Amino acid sequence: MHPLQCVLQTQRWGPLASVSWLLLRTCRAHSSVPSTACPSLERQQEDGVRKDFSSRLASGPTFQHFLRSASAPQEKPDMEDPPPYLTVDELLGRQRKVYLETYGCQMNVNDTEIAWSILQKSGYLRTRNLQEADVILLVTCSIREKAEQTIWNRLHQLKALKTKRLRSRVPLRIGILGCMAERLKEEILNREKMVDILAGPDAYRDLPRLLAVAESGQQAANLLLSLDETYADIMPVQTSPSATSAFVSVMRGCDNMCSYCIVPFTRGRERSRPVASILEEVRKLSEQGLKEVTLLGQNVNSFRDSSEVQFNNAVSTNLSRGFSTNYKPKHGGLRFAHLLDQVSRVDPEMRIRFTSPHPKDFPDEVLQLIHERDNICKQIHLPAQSGSSRVLEAMRRGYSREAYVELIHRIRESIPGVSLSSDFIAGFCGETEDDHLQTVSLLREVQYNMGFLFAYSMRQKTRAYHRLKDDVPEEVKLRRLEELITVFREEATKANMASVGCTQLVLVEGHSKRSATDLCGRNDGNLKVIFPDVEMEDVNNSEVKVRAQPGDYVLVKITSTSSQTLKGHVLCRTTLKDSSAYC
Ligand code: 5AD
Ligand code: SF4
């Protein structure tokens, strides 16, 4: 028999097409990891558990079970209804301690909290101490080779931890979650025998079951990509009780298929969360006293809630001028402008940001709304990727340099004082020195306030991998990247200089990491602002002097800047509504 035993299982809570593979394999490495002070007894017990599990698995899910499941309406798994080969008890965490480690983007930060929320409900405890952990879960990123290499290295360290585990403790379980699990699938299980579970980005609801299977010494994986999973009903747990801001995931996946990007393969098709559930989460966060919400999505402004039939009569919105898509036009649904409008009305004292948008989805109504609404930050991330139309075409970005620059002008006209940021890739397939210089010139022309710059990393499965040649030598990529970083920094410093002498509204986050006598916060453009922690007036009560606390809005007069940070002195404590005073 093939060592990889595959049980085809229909997800009860997914649509008919959602068929998940539960990959189970007996792991030789695990059988040599004893787990209690009395190894022989424990081994007997483990053997018993394994035999019991195997016999239940053999008599487990029947064809009828799949048929029954397949026709069930969409519903979420619950603890009272375990799969036939597990008991309710086995699905519970039994106070096991979980250590979660996050790599990559903000989506992963949010996914970590979703995964934790699911495990917490199932009886797991969380620990911040690696040595204390019974389960270690890495929420991973695949966007560049380097990101994956970091995880492989980490796995080697964890392997040592697992091997050295005291026999008196339950065996340590290790799981890979997210993009890398999805991209490498069995390769991880084969290469790293100490990995117990794999869960793709749409399989976090399945974590209690995967961990229960791992308890019996089997490896388990669910790498199903869903067409509709948005975790809409799962309220991520706020990691830091003193946090002033939170991320709210509004859509998942990406349909754009830029030729260099692995994301559509690891995170699947684009799907949006219903507006009503987003508003409910934002309301709860406002009640908890949070002062800033960042709406998250791989393509946040492609948002389209089609969860109700009547939404399909909504007025359709256009793409930004000069932009096209790699997919057939989509129609109907509640769009990003509607979402932004509704979210910003929940609490006028709550700042709203969003990331990461695609430049194609900035119709005039979105720009107008950002301009009009005081609590929507005047900050737009506009990933350009390259300044050369030829490279943009090879990247299949759906716009030329000219269309991108026209959009920048339109944004600056619609939203005076807007702060702009971008992503760029150095050394994409076929990029010439001239193409590179065009990117340098775009950086000079736009003068971004923030930038995220990367050397190109070829990813398997992508269009570039199949059709193009990764022909820019590594040292040239790195040299070009260095040049882009230098130019970006020079221009950002100039752009930030314009705020010296201005009064800016800053949301206080806490003390500065570098000095206990300074406070640190963020301005509307999301730049860090540092200022001395001194007493000040409150605009609504000039009688008393106050000290700013995390979550307070203060007015700060900017006195100096660098490419990343602003410095100044505080004028008073205020509210977002009362603070329309700027430069
Ligand atoms: N190589 C380098 N950078 C990449 N990005 C996406 N894919 C790759 C890749 N293969 C960058 C893009 C994207 C950001 C999130 O990561 O700039 O906007
Ligand atoms: Fe990747 Fe392009 Fe989708 Fe962004 S828009 S996630 S770069 S495919």
Tell me, yes or no, whether segment 468-491 has at least one residue that is within 16 Å of ligand 2 (Cβ to nearest atom), out of contact with any helix residue (DSSP H, G or I) (no Cβ under 6 Å at 6 or more places or on another chain) and modelled with pLDDT of 95 or more.
yes
Checking the structure you have, find out if any residue of segment 396-416 is within 13 Å of ligand 1 (Cβ to nearest atom) and not aromatic (Phe, Trp, Tyr).
yes
For segment 440-467, how many residues are of a type outside the set (A, V, I, L, M, F, W, C) and away from ligand 2 (no atom under 16 Å from the Cβ)?
6
Phe311 fails exactly one of the following numbered conditions: (1) modelled with pLDDT under 95; (2) within 17 Å of Asp524 (Cβ to Cβ). What is the number of that condition?
(2)
Gly417 in a loop (DSSP other than H, G, I, E, B) and either under 19 Å from Arg335 (Cα atoms) or out of contact with any helix residue (DSSP H, G or I) (no Cβ under 9 Å at 6 or more places or on another chain) (or both):
yes
If Arg173 satisfies all but one of (1) closer than 30 Å to Phe265 by Cβ; (2) of a type in the set (Lys, Arg); (3) modelled with pLDDT under 95, what's the number of the condition it fails?
(3)
What are the pairs, 6+ residues apart or on separate chains, where a residue within segment 153-164 that is touching a residue at least 12 places away in the same chain (Cβ under 8 Å) and surrounded by 16 or more Cβ atoms within 10 Å (Cβ to Cβ) has its Cβ under 9 Å from a residue that is among the small types (Gly, Ala, Ser) and in a helix (DSSP H, G or I)?
Lys162/Ala29
Pick out the one residue from Val263, Val213, Val248 that is buried (at least 21 other Cβ atoms within 10 Å of the Cβ) and over 30 Å from Asn190 (Cβ atoms).
Val248
Hey, Phe354 in a loop (DSSP other than H, G, I, E, B) and of a type in the set (Phe, Trp, Tyr) or not
no
Residue hits (segment 523-546; in contact with a Lys or Arg (Cβ under 6 Å, 6 or more places away or on another chain), crowded, with 19+ Cβ neighbours inside 10 Å and within 17 Å of Lys577 (Cα to Cα)) are Asp524
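Quick grid of which residues meet (1) in a helix (DSSP H, G or I); (2) acidic (Asp, Glu):
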position	(1), (2)
Tyr231	no, no
Ala246	no, no
Phe265	yes, no
Arg269	no, no
Ala276	yes, no
Glu281	yes, yes
Lys284	yes, no
Thr294	no, no
List every residue pair whose Cβ atoms sit under 6 Å apart, with the two residues 6 or more apart in sequence or on different chains, where the first one lies in segment 428-446 and is in contact (Cβ under 8 Å) with a residue 24 or more places away in the chain and the second, anywhere, is hydroxyl-bearing (Ser, Thr, Tyr).
Phe428/Tyr456; Asp435/Ser388; Gln438/Ser388; Thr439/Ser386
From the list Glu406, Glu349, which one is part of a loop (DSSP other than H, G, I, E, B) and acidic (Asp, Glu)?
Glu349
What pairs come out if I take residues in segment 249-274 that are in the same structural domain as Arg335 (by the TED database) and closer than 11 Å to Leu227 by Cβ and pair them with residues that are among the β-branched types (Val, Ile, Thr) and more than 11 Å from ligand 1 (Cβ to nearest atom) whose C-beta lies under 7 Å away, six or more apart or interchain?
Arg252/Thr230; Arg271/Thr230
Selection status of His381, crowded, with 17+ Cβ neighbours inside 10 Å, within 30 Å of Leu184 (Cβ to Cβ) and not small (Gly, Ala, Ser):
yes
Given (1) among the small types (Gly, Ala, Ser); (2) in a helix (DSSP H, G or I); (3) within 25 Å of Asp470 (Cβ to Cβ), Ser422 misses just (2)
Long-range neighbours under 9 Å by Cβ, at least six apart or interchain, first residue on the phi > 0 side of the Ramachandran plot within segment 452-469, second in a helix (DSSP H, G or I) and not polar (S, T, N, Q):
Lys461/Arg183; Lys461/Phe265
Filter segment 89-98 for residues that are free of Cβ contacts under 8 Å to residues at least 60 places away in the same chain, surrounded by fewer than 20 Cβ atoms within 10 Å (Cβ to Cβ) and on the phi < 0 side of the Ramachandran plot and give the result.
Asp89, Lys97
Residues that are of a type in the set (A, V, I, L, M), closer than 30 Å to Lys185 by Cβ and surrounded by 21 or more Cβ atoms within 10 Å (Cβ to Cβ): does segment 438-453 have at least one?
no
Asp255 fails exactly one of the following numbered conditions: (1) within 16 Å of ligand 1 (Cβ to nearest atom); (2) closer than 20 Å to Trp116 by Cβ; (3) assigned to a loop (DSSP other than H, G, I, E, B). What is the number of that condition?
(2)
Check segment 492-501 and report whether any residue there is surrounded by 17 or more Cβ atoms within 10 Å (Cβ to Cβ) and either within 16 Å of ligand 2 (Cβ to nearest atom) or acidic (Asp, Glu) (or both).
no
Looking at segment 384-391, is at least one residue away from ligand 1 (no atom under 16 Å from the Cβ) and either β-branched (Val, Ile, Thr) or surrounded by fewer than 21 Cβ atoms within 10 Å (Cβ to Cβ) (or both)?
yes
Kindly evaluate Asp202 against the criterion of being outside the structural domain of Glu281 (by the TED database) and either within 16 Å of ligand 2 (Cβ to nearest atom) or within 27 Å of Ile352 (Cβ to Cβ) (or both).
yes
Among the candidates Asp347, Asp364, Asp341, residue that is of a type in the set (Asp, Glu), surrounded by fewer than 22 Cβ atoms within 10 Å (Cβ to Cβ) and within 26 Å of Cys105 (Cα to Cα)
Asp341
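The values are calculated or read from the model by the stated rules, or taken from the named source; none is laboratory data. Computed from a predicted structure; not experimentally measured. As a convention, Cβ positions derive from the backbone with ideal geometry for all residues, glycine included, and neighbour counts pool all protein chains shown.
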